[in-house]
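These notes concern the structure reproduced below.
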Amino acid sequence: MSSQAQASHFSGGFTAPPIQSAKAFRAAMSAMARPGEIKDINGATPPEGLSVAAGCLVLTLCDPDTGVFLAPDVDRPAVREWITFHTGAPFVLPEHAEFAIGGWSALAPLDRYRIGTSEYPDRSATLIVELPSLDTTNAELRGPGIKTCSEISLPDIGPFQANSMLFPLGFDTYFTAGSQISALPRSSRITPLSNKEG
């Protein structure tokens, strides 16, 4: 391994881990507790292939006991080395993943991810979906954590509606773009915004 390649996965983690990881964890939990709200999350400099936001989620939520699946669009040696060095998380098949990371199309098909069981609904996957932007909303959310309603940008509405119908089973989702995140827990009810549906 060249010294440059070695440096790339040794570096890029939190420079002040106790402070930055705490802030990133709060952002991640707040986003999931308030579906559709966009939160800033930063502090990491992951290798090419991962956004800052996705990198921060990986550093914050993954450890040697959490299996990670990398979709083909982000599955690169530099990304694997960076995740291994900073978290120790093992790479697994989609069926065994606690976290699955990639672009929307690359993460398909969705029926291979864990949705929990009636006894253990928490034994499910969390998707980290990389998007170009979180700004253009196309769906309305209602449910826990939402005062009246909230809006969110979804890459495809139908699959998330189907997932929410499985509640309390189903997967949870983070959407990442640049240094921003939003989240969609399985408990949210989803309807298209009629004036933005396309």
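The values are calculated or read from the model by the stated rules, or taken from the named source; none is laboratory data. Please read these numbers as outputs of a predicted model, since none were measured by experiment. Using ideal geometry, Cβ is built from the backbone for each residue, glycine included, and neighbour counts are taken over all protein chains shown.
See the values below:
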item	result
Candidate set: the range 57-111, residues that are of a type in the set (D, E, K, R) and within 23 Å of SER11 (Cα to Cα); chosen: the one surrounded by the fewest Cβ atoms within 10 Å (Cβ to Cβ)	ASP65
Some residue of the range 112-126 being touching a helix residue (DSSP H, G or I) at 6+ places or on another chain (Cβ under 9 Å), within 24 Å of ILE41 (Cβ to Cβ), of a type in the set (D, E, K, R) and surrounded by 14 or more Cβ atoms within 10 Å (Cβ to Cβ)	no
Check on GLY36, touching a Leu at 6+ places or on another chain (Cβ under 8 Å), part of a loop (DSSP other than H, G, I, E, B), modelled with pLDDT of 95 or more and of a type in the set (Gly, Ala, Ser)	yes
Some residue of the range 50-58 being farther than 19 Å from ALA183 by Cα and either among the β-branched types (Val, Ile, Thr) or out of contact with any strand residue (DSSP E or B) (no Cβ under 8 Å at 6 or more places or on another chain) (or both)	no
Any hit, the range 144-166, residues being closer than 20 Å to SER30 by Cα, surrounded by fewer than 16 Cβ atoms within 10 Å (Cβ to Cβ), of a type outside the set (Asp, Glu) and touching a residue at least 24 places away in the same chain (Cβ under 8 Å)	yes
Qualifying residue in the range 85-99 (condition: closer than 15 Å to ALA54 by Cα and of a type in the set (A, V, I, L, M, F, W, C))	yes
Subset of the range 127-143 (residues that are surrounded by 19 or more Cβ atoms within 10 Å (Cβ to Cβ) and under 17 Å from the mean Cα position of the chain (by Cα))	LEU127, ILE128, VAL129, GLU130, LEU131, LEU134
Qualifying residue in the range 40-52 (condition: of a type in the set (A, V, I, L, M), out of contact with any helix residue (DSSP H, G or I) (no Cβ under 9 Å at 6 or more places or on another chain) and not in a loop (DSSP other than H, G, I, E, B))	yes
